[in-house]
Amino acid sequence: MSPNRALRFLAVGLAVISAAACDFSESRDDGEAFAERYFTAMKSDDVAGALAFYSPKFFDGTPRDQWLARLRNLRERCGTPTSHALKNWMVTDQVGPASGSTTTLTYDVKYASCHLTETLVVSKPEGGEDKIIRHILKLEGTMPDKAGSAGTSV
């Protein structure tokens with residue numbers, strides 16, 4: 001292979017990698033903006049309104065009423081979310097018939113009486129809208145029986 005041809009292949013490869021990096025960054029930014037809207041909804045008094053952020057695919061595995069009860073129980077025991085900070089993220093782009101992106105965002109979330117690590121897996125099909133397809137809640141420390149009471153292990 002001639003040096004000129006090798007340089008052209010290298011240039012094309014770098015261009016492809018750069019374009020992919022831009023797509024990952026855009027997907028992460030979109031996912032973060034979506035998560036900000038979700039956390040804003042969770043800070044309101046209408047926990048049921050947060051269910052609009054979840055995909056029907058999520059509710060195929062976890063019934064809507066069961067998840068709402070879990071969110072309400074979390075709110076009753078931990079209080080209102082007071083802050084959240086992104087700890088880690090990962091973007092996966094799919095190509096082909098089911099093209100789109102999946103963004104996994106892990107947040108450090110502080111509530112009035114609890115501290116959790118929350119992982120949101122957000123799917124965005126090509127031409128569609130962001131929706132949560134998986135939500136993992138991990139308690140850091142102890143959770144009180146009710147907001148403001150002494151902590152007990154769960």
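A few remarks follow.
Here's the yes/no breakdown for (1) in contact with a Gly (Cβ under 7 Å, 6 or more places away or on another chain); (2) among the hydroxyl-bearing types (Ser, Thr, Tyr); (3) at pLDDT below 95; (4) within 26 Å of Asp145 (Cβ to Cβ):
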{"residue": "Glu32", "(1), (2), (3), (4)": "no, no, yes, no"}
{"residue": "Ala48", "(1), (2), (3), (4)": "no, no, yes, yes"}
{"residue": "Pro97", "(1), (2), (3), (4)": "no, no, yes, no"}
{"residue": "Ile132", "(1), (2), (3), (4)": "no, no, no, no"}
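- Residues satisfying the stated conditions in region 22-73, i.e. among the hydroxyl-bearing types (Ser, Thr, Tyr) and in contact with a Ser or Thr (Cβ under 6 Å, 6 or more places away or on another chain): Ser27
- Filtered residues of region 50-64 (kept if touching a residue at least 40 places away in the same chain (Cβ under 8 Å) and not in a helix (DSSP H, G or I)): Tyr54, Ser55
- Val91 vs. criteria of a type in the set (Val, Ile, Thr), within 16 Å of Ala50 (Cα to Cα) and within 18 Å of the chain's Cα centre (by Cα): no
- Number of residues in region 81-112 that are crowded, with 20+ Cβ neighbours inside 10 Å and among the polar types (S, T, N, Q) equals 2.
The values are calculated or read from the model by the stated rules, or taken from the named source; none is laboratory data. None of these values were measured; they are calculated from a predicted model. Cβ coordinates were reconstructed from backbone atoms using ideal geometry, including for glycine residues, and neighbour counts include every protein chain displayed.
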